[in-house]
1. Is it the case that some residue within region B:325-333 is in contact with a Phe, Trp or Tyr (Cβ under 8 Å, 6 or more places away or on another chain), modelled with pLDDT under 85 and within 11 Å of chain C (Cβ to nearest Cβ)?
2. State yes or no: is B:S144 of a type in the set (S, T, Y) and part of a loop (DSSP other than H, G, I, E, B)?
3. I'd like to know if region C:182-192 contains one or more residues that are closer than 30 Å to C:N11 by Cβ and crowded, with 19+ Cβ neighbours inside 10 Å.
4. Within region A:82-106, track down each residue that is over 20 Å from B:L330 (Cα atoms), of a type outside the set (A, V, I, L, M, F, W, C), within 7 Å of chain B (Cβ to nearest Cβ) and part of a helix (DSSP H, G or I).
5. Return the total of residues in region B:2-18 being touching a helix residue (DSSP H, G or I) at 6+ places or on another chain (Cβ under 8 Å) and more than 11 Å from C:R115 (Cα to Cα).
6. What number of residues in region B:245-259 are surrounded by 20 or more Cβ atoms within 10 Å (Cβ to Cβ) and either facing chain A (nearest Cβ under 7 Å) or among the acidic types (D, E) (or both)?
7. With B:L72, B:L54, B:L25, B:L104 as the choices, which residue is under 30 Å from B:H202 (Cα atoms) and assigned to a helix (DSSP H, G or I)?
8. State all residues of region C:222-252 that are assigned to a loop (DSSP other than H, G, I, E, B), under 16 Å from C:V65 (Cα atoms) and at the interface with chain B (Cβ under 8 Å from one of its Cβ atoms); if no residue qualifies, say none.
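The values are calculated or read from the model by the stated rules, or taken from the named source; none is laboratory data. Note that the structure is a prediction, hence the values are computed from the model and not measured. Cβ placement follows ideal geometry from the backbone for every residue including glycine, while neighbour counts extend to all protein chains displayed.
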Amino acid sequence: MTSLLDIQNLKLNFKTVQGQVEVLHGIDININAGEKVALVGESGSGKSVTARIILGLLQELRQARISGEVYFDGRDINTMKPKDCAKLRGTAMSMIFQDPTSSLNPVITIGQQFTEVLRRRNNKLAQAICDEQATRMLNDVAIPDAQRVLNAYPFQLSGGMNQRVMIAMALANRPKLLLADEPGTALDVSVQAQTLTLMRELVNDYQTAVLLISHNLGVVREFADRVYVIYQGRIVEDGPTSALFANPKHAYTQALMNAVPRIVGTGLAKVPEVSDAFLAPRITHSDVT
Amino acid sequence: MSAVIRLLLRRLGISVIVLIGVSMLIFAIARVIPGDPARIALGPNAKAEQIASLRAQMHLDESLPVQYGHFLADLSRGDLGISLYTNRPVTKDIAQFLPATLELVFCAGIIMIMLGLPLGILAARYRGRWPDHLIRVLSLVTVSAPGFVWAVILMLLFAFYLPLFPIAGRLNDSFDIARVTGFLTIDTLLAGDFAAFTDALHHLVLPAIALSLSGIGQAARLTRANMVETYNKPYIEMAQAYGFFPSRIARIYAFKPSLIPSLTIIGLDFAAMLGNAFLVEAVFAWPGLSRYGVAVILRKDLNAIMGTVLIIAITFLIVNIIVDLLIAFLNPRIRHSARGSA
Amino acid sequence: MIRAMRILASNPLSLVGLLLVLLITFAAIFAPWLAPFPTHNGAVIDFAFANKGPSARNWMGTDLVGRDIFSRILYAYQISLMLGIVVLAIATPVGTAIGLIAGYVGGWTGSILMRIVDVFLSIPPLVLAIAMMGVLEPTLTNAMLAVTVMWWPWYARLVYSIARSEREEGYVLAAEVIGAGTMHIAFREILPNCLPAIITKMTLDMGFVIIIASSLSFLGLGVQPPTADLGSMVAEGARYLPDSWWLTVFPGLAILVAVFGFNLLGDGLRDILGVDE
């Protein structure tokens, strides 16, 4: 079967005052329709820029040099015209950001922002229909008093509420792919868990494929079907979630898992700053476990 | 709405305090300087009894606090004293000359906003690329010369070499318009004389542009700077991730939040035009407060000087209150502060 | 320093600004040697060459009594630069000290100081200077005094707002915890963090002071004839437009070039020092 997203040998260079810096050294990622995939790594490993390349945002930056192929639905985003690429954003793919409250515009009401999102698919959509669809979407993310929320500004709502709004907006146009960059990291752990559960139920219902970007192994294990581990711009290990968690083979993945503090009180793990073993070649678990 | 009314009352309260301070400052400038105001006003050839009677009339023989008390008491009755230059009440003089200045400043302010904000938006939208560089250099040029230099250059180019606009004045002498508001653009319309209205506008163009040029540059630079900062906010990235048109992101998502911090400064620029109007009015022989102000200053007419400065300070404070209310209206955080968070 | 040079080099506009500022400073300092007619700064009359347009002898023409306009512009730069330097040398420390105390100490002292600042700021800058010159004799010293009096509140407000936000920073709290004195914290801990903003503002303000000072003399309230001043040169020539255009256009452009130079340099400094607008 052909995959929804197929990234092959993706490289990213940034031009800085000091010269060229290579951020991604040729990564391959594959996501099938409706599949939930996680990209795990520490901050600075290149996971967030990957999401922005998939959206076609980084391509517009003049300092960025990108090579390789990013096939979305059979078309290469890297060679697409910026205008055509913009047509995919907000319709065929959408994104959820880290901090919901600062990702919603502070001076525009939730209702107006929702309308703008819905009109990405059909810009002649009547206001009444937009309101109706927005209300239905908000009900889907367990917001009962949708009318009040639509008339509110983001600062009037709690972080968890804004996160639900953002999930509703992201899924409103039934995208094929949802990019979730550290969703809810800025929220309380309990609120983050609630909203993640909600998001998982919805993407299952809508058959939306997800690329979850996270450094939180607990979240990844609960959410994803398959996992890619990224370290310093390289994929070091990938495979089905259960296989990878049961038997991490790459030294970096092992270190990452040891670094998670356990609630049983065995103390903080010792993780080396750098290790030659972290740079070992990629290990791929077979798809059958 | 009650939050906005509370804000209005607070601002009015602060303005009254500031206004009292301004009256003290003006009083201090007028009285604490060396020299006898009466002698200065009457000139070196005045007789001793003339000076004595004027001193008594101006309460100059009493202590400074008492003098200030008299000044305040007169002020509260709307009495700014008699101008030694025109021999009329200063309030009458100001009422005659202020509307011309306000009309000019108001037009210049509109031009500043209509051109300055869109140029700033354009520069921010194409930040780092050639439209940005072009607008940056142009706006830097416009803020680099005082109003009278622009007035002279515009007059030379568009009144003499290309005689598109009149050289001086507010209205052609052939029109006889009853002065109701003192704003000729309004008075001509009230008189139903459309030809006179066009003529009044025609006279306004060059002085208003000369007065607004540095404001345009200032507004464009400020809008650009605030918007570039806004462009780094997560909600802009979110708007980009949703594929909104870049021009729409610029006009709505980035401009709206940036407008609020810009407005205070734009209000200050607007008010600064009250001072700069002195320069432009002089070049275009605009019969406003400037001609009067310079005349009374050269004659050391203290009552008129104090009155003129006070009126300008009051206008300035009113502009600031309007700007603050506008900010409160545009900023949902202030507008909805009464309702609290959900 | 090396980083600053690199940013300056990569930003050709600020380099142009620096060159303009250096050129104008050089011209002002060496005016007596550079000016083709060094005596034309004062009351010289040469009716044979009166009111002549630009020529090989007088690059920018001559004024109504035959003085060389180019020479007078060079001398006028002396007045403008000196005025700017004196005004900022007084207004900046005064405003900075008041802003620091009001911002860091706060409380009643701070409120009263800032209300006084508000009073000064609620009169348009030029109007306050005009009012002061209205009661003072129009001399260079008085013009400096009037512009200084209207200038310090802007520094007070700038430093006040920075000091207010710095007051909550960790390094200030740390200094308070180890028992440093109020004055030590204000002037040794907070002040260095205000310096980039102050230096940037001073550079931009050099241009702005030149504008205000020339405006005063344009209205006849500043430096008096026969001393050469850019503002009064424009005012004298404005009556002879459009025929004797050189009387106004060259002094006007001289103001524009000088202020533009300081503005370009100030803009570049803002980028180098990382100051918010």
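1. no
2. Yes.
3. Yes.
4. Result: A:K87, single match.
5. Of the residues in region B:2-18, 6 are touching a helix residue (DSSP H, G or I) at 6+ places or on another chain (Cβ under 8 Å) and more than 11 Å from C:R115 (Cα to Cα).
6. 2
7. It is B:L104.
8. C:W245
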